[in-house]
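See structure below.
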Amino acid sequence: MGDPISLVVTPIVKKLIDQSSSLIKERYLRVKGLKKDVEELTEHLTTIQYVLEDAEEKQVNDRALKDWLLKLKGAAYDADDLLDVFQTKACQWNKKQQESNFRAIPSMQKNSDKNDIAHKIKKLLERLDKISKEKEKFQLNQLQVNGGRPQTPDRPLTDDLWTVNDEDWESLQRLLKQGGKGSRVLVTSRITTISENLCAKPCYRLSYLPDEKYGQQPSLEMIKSSKKLRAILLRGYDLKNLGQSLDKMFHAMSYVRVLDLSSSTMLTLPKSIEKLELLRYLDLSNTEIKELPNTICNLSNLQTLKLLRCLWLFELPEDLSNLISLRHLELDDMFWNKVLCLGHLPHLRQLYIKGMLDLEEWSTWEAKRPSQLDTLKISNCPNLTKLPPFFPTLRVLKIKNCKSLKALPVVFSLKFLILIDNLALEDWNEVQFKCICNETNQGEPTIRYSFMNLLELKVNGCPKLQALPNVFFPQKLEISECELLTTLPVTEHAQRFQHMALDSCPDGTLVKAIPNSSSLYSLVISNISNLITLPKWPNLPGLKALYIRGCKDLESLAEEEERSFQSLTSLKLLSIRDCPKLVALPKEGLPTALECMTIGAVKLDDGRWTMEYYASNILLSMKKWFDNKSGYVCFELYASEENIEVAKLSHVCWLDVRGKFMISELCAGIVYEIVYVVKLPKGGTGWELPITLRLALPGGNARERQVSLLEKPRGEWIELNVGNFRVEDGENGEVNFDLMEHGGHWKTGLLIKSVIIRPKN
């Protein structure tokens, strides 16, 4: 296997072949007389590509072969630069032809730049020809050829990985294992454990730059002398007259793709920015720039433009619409205009607008032309009242804290919609239209609705919305603080439901409106006022998890004489927290499939207390006594169901056993301890990670400690000390204690006999 340097060559060469093959079709090359040169370049690259895999395998033990690969790498990068220039000039030429409505005749064209380009490609062809001939002395094997082209294994470059989440790595590894035989992945990261998680070979460590390289003025000189640089990162750069230095730099460099000047001391952006014809990414965020030169609009390759927190920028360039490749635009904290005019940006895919406090309207004239906008996020624009009326390709829409906006735009392709704190919003702007789909009905028009493709909808703090869209089939629905909403999708529209969350809805009206759904598997009901008992459950045969939170008035989980709770035949997890008036569990019992149940902040009618645990229908009693030796009060919480002596953990992945009591119940001036009495049988599994014991005292003082059960004796009762605390005279408030392990893997076998609160000595 090649080292990290050589591995980069193959994907570059493959990309060049694809790029040059596409470029050959451009009429610009024929006009400039460069078509044959590009065809010859493609042939050289294809010939070299045949032997690259064998070269990368053999170069480990062959210094001369490694040098040959390095020569090829340099030539490949130069070819990439040159082809990128060709593609840019072809695009500009085509645009001029369209604007002038004039088809140029080759013999009449001015070829002022032909000589320079022809000279560069001639020199490149000579280099590649020499490199191609040199390969013969290494006796390299060719790849198998299919249809005249080599079958090259994949060699993606996975750059600057940061995540240390095991689940993320497992997903990535499963994906990478689907690659073809011989495929390789080059990973770069600043975290050494990444190689242990993912890489099959030892990592190659790059050394640090010497300290003197970090000096800012020397850095500019180094940049100016490195004319083939592709990325310049001057984030936070502090230098007087930075604009003048940038002007000289822009004139000297032709191949820069990435330029980050964010948080620098730049006050003006030189007009010579247009010299960076290959620029793809430009970040001017957090600068005091006051004006963008209109020449920035000549950057036909620019794909990302970030203008965040540019507080002194009062207008956008007049010809912004000339940025024909712009895909991602971010604007915020601009106080310069009441009307946003972006012009027509045909390839714009993502637009983020934030904190434009004076913005009232987004000009609609450009919306009349075709748009490719995929993602639109608008937040903290309190005076915005009007958006363009129509977004045909929009898939993701988020609108937050736009307090004056009353209506949404018309959308046909929307899949994800988030609406938060839009106090005036009242109109979904839902429309019906006819669509012709040849695949389903032989060209006959069918009736469609604008929200039919919507998969996820989150509505929070939109008090004037009186209903949801009439026709939509969500997979995920979350509603909070929308007091006028009283209905949910009907049963016919609820058969794609997977997750639903209803929060802060008055009177439980929406809870009663939950439709029958065979697909719903997760349901959250939280902070519902005036909900005394849960209504009769609809038919939810697939529901696996039910969470009930903060329903302060809830007294019962089921109405009298109703056995609907047992109808939840697939329910495996039931979690109830902060429902202080809940006085009984359903008389008919809980669903038979239940594996995990958590109950917190609940006191039952017979005086028994509950603590949070994972078992099926096991309640805990409290015993209070005075210690014989000291005379001080003690408490014990323990399992009390008939024929049950302990709470046993059967098979769960999330462990949380908690309880609480009033500190005023204890004796002042005494140091108490809290211990869990547990046993881990020899057959218990899944305890490789330590458990966490947490103690929270009145006043917010909390402490945690970790204990490994694998280090404790098996098959016998042991005490786990949660913590010690002193009770002060007149002290009030709750003491909370918790035993938990949230590693996300399955655990079995733990027995919990009781929790004891007693004087330390």
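The values are calculated or read from the model by the stated rules, or taken from the named source; none is laboratory data. Values in this document were obtained by computation on a predicted structure and should not be read as measured data. With ideal geometry, Cβ positions are generated from the backbone for all residues, glycine too; neighbour counts draw on all protein chains shown. To get the accessible areas, we keep the full protein, side chains included, count just its heavy atoms, and leave off ligands, DNA and RNA. Shrake-Rupley method; radii C 1.70, N 1.55, O 1.52, S 1.80 Å.
Brief remarks on what is shown
- Residues in the range 681-700 that are within 34 Å of the chain's Cα centre (by Cα) and open to solvent by 60 Å² or more (accessible area, probe 1.4 Å): Thr685, Glu688, Leu689, Arg694, Gly700.
- Considering the range 645-671, the residues that are open to solvent by less than 30 Å² (accessible area, probe 1.4 Å) and modelled with pLDDT under 80 include one that is farthest from Gly723 (Cα to Cα), namely Val652.
- For Ala545, the conditions (1) open to solvent by less than 10 Å² (accessible area, probe 1.4 Å); (2) among the hydrophobic types (A, V, I, L, M, F, W, C); (3) under 31 Å from the mean Cα position of the chain (by Cα); (4) within 18 Å of Pro586 (Cα to Cα) all hold with the exception of (1).
- If you go through the range 290-300 and pick out every residue that is in a loop (DSSP other than H, G, I, E, B) and crowded, with 20+ Cβ neighbours inside 10 Å, you end up with 3.
- Checked against the criterion of being out of contact with any Lys or Arg (no Cβ under 9 Å at 6 or more places or on another chain) and either open to solvent by 60 Å² or more (accessible area, probe 1.4 Å) or not in a helix (DSSP H, G or I) (or both), the range 68-83 has at least one qualifying residue.
- Positions within the range 202-250 being of a type in the set (Ser, Thr, Tyr), modelled with pLDDT under 70 and open to solvent by less than 80 Å² (accessible area, probe 1.4 Å), in sequence order: Ser219
- Taking strands (runs of 3 or more DSSP E) as the structural unit, those lying wholly within the range 429-518 and holding at least 3 residues that are touching a residue at least 40 places away in the same chain (Cβ under 8 Å) correspond to 456-460.
- Qualifying position, being aliphatic (A, V, I, L, M) and modelled with pLDDT under 90, among Leu267, Leu259: Leu267
- Scanning the range 310-346 for residues that are in contact with a Gly (Cβ under 9 Å, 6 or more places away or on another chain), crowded, with 18+ Cβ neighbours inside 10 Å and of a type outside the set (A, V, I, L, M) gives Ser321, Asn322, Asp332.
- Selection from the range 389-408 of residues that are surrounded by 20 or more Cβ atoms within 10 Å (Cβ to Cβ) and either part of a loop (DSSP other than H, G, I, E, B) or of a type in the set (Val, Ile, Thr) (or both): Leu394, Ile399, Cys402, Leu405, Leu408
- In the range 366-381, the qualifying residues are those that are open to solvent by 40 Å² or more (accessible area, probe 1.4 Å) and assigned to a loop (DSSP other than H, G, I, E, B), and the one that is farthest from Pro474 (Cα to Cα) is Arg369.
- Residue count for the range 526-552 satisfying the condition of being out of contact with any Lys or Arg (no Cβ under 6 Å at 6 or more places or on another chain) and either part of a loop (DSSP other than H, G, I, E, B) or modelled with pLDDT of 95 or more (or both): 18.
- The range 484-508: number of residues that are under 22 Å from Pro463 (Cβ atoms), at pLDDT 90 or above and surrounded by 15 or more Cβ atoms within 10 Å (Cβ to Cβ): 9
- Applying a threshold of 9 Å to beta carbon distances and a minimum spacing of six or more residues, or different chains, the list of pairs starting in the range 296-319 at a residue that is closer than 16 Å to Cys341 by Cβ and ending at one that is among the aromatic types (Phe, Trp, Tyr) and open to solvent by 30 Å² or more (accessible area, probe 1.4 Å) reads Leu305/Tyr281; Leu313/Trp336; Phe314/Phe335; Phe314/Trp336; Glu315/Trp336; Leu316/Trp336.
- Lys25 vs. criteria open to solvent by 40 Å² or more (accessible area, probe 1.4 Å), under 37 Å from the mean Cα position of the chain (by Cα) and not hydroxyl-bearing (Ser, Thr, Tyr): no
- Those strands (runs of 3 or more DSSP E) of the range 669-732 in which at least 2 residues are touching a Ser or Thr at 6+ places or on another chain (Cβ under 7 Å), considering only elements entirely within it, cover 702-707.
- If the condition is being open to solvent by less than 10 Å² (accessible area, probe 1.4 Å), within 32 Å of the chain's Cα centre (by Cα) and among the hydrophobic types (A, V, I, L, M, F, W, C), then the range 515-542 contributes Leu520, Leu523, Ile525, Ile528, Leu540.
- Residue within the range 570-588 that is assigned to a loop (DSSP other than H, G, I, E, B) and more than 26 Å from Gly659 (Cα to Cα) present: yes
- Looking only at the range 443-464, and only at residues there that are of a type outside the set (Lys, Arg) and farther than 18 Å from Phe416 by Cα, the one that is most open to solvent (accessible area, probe 1.4 Å): Glu444
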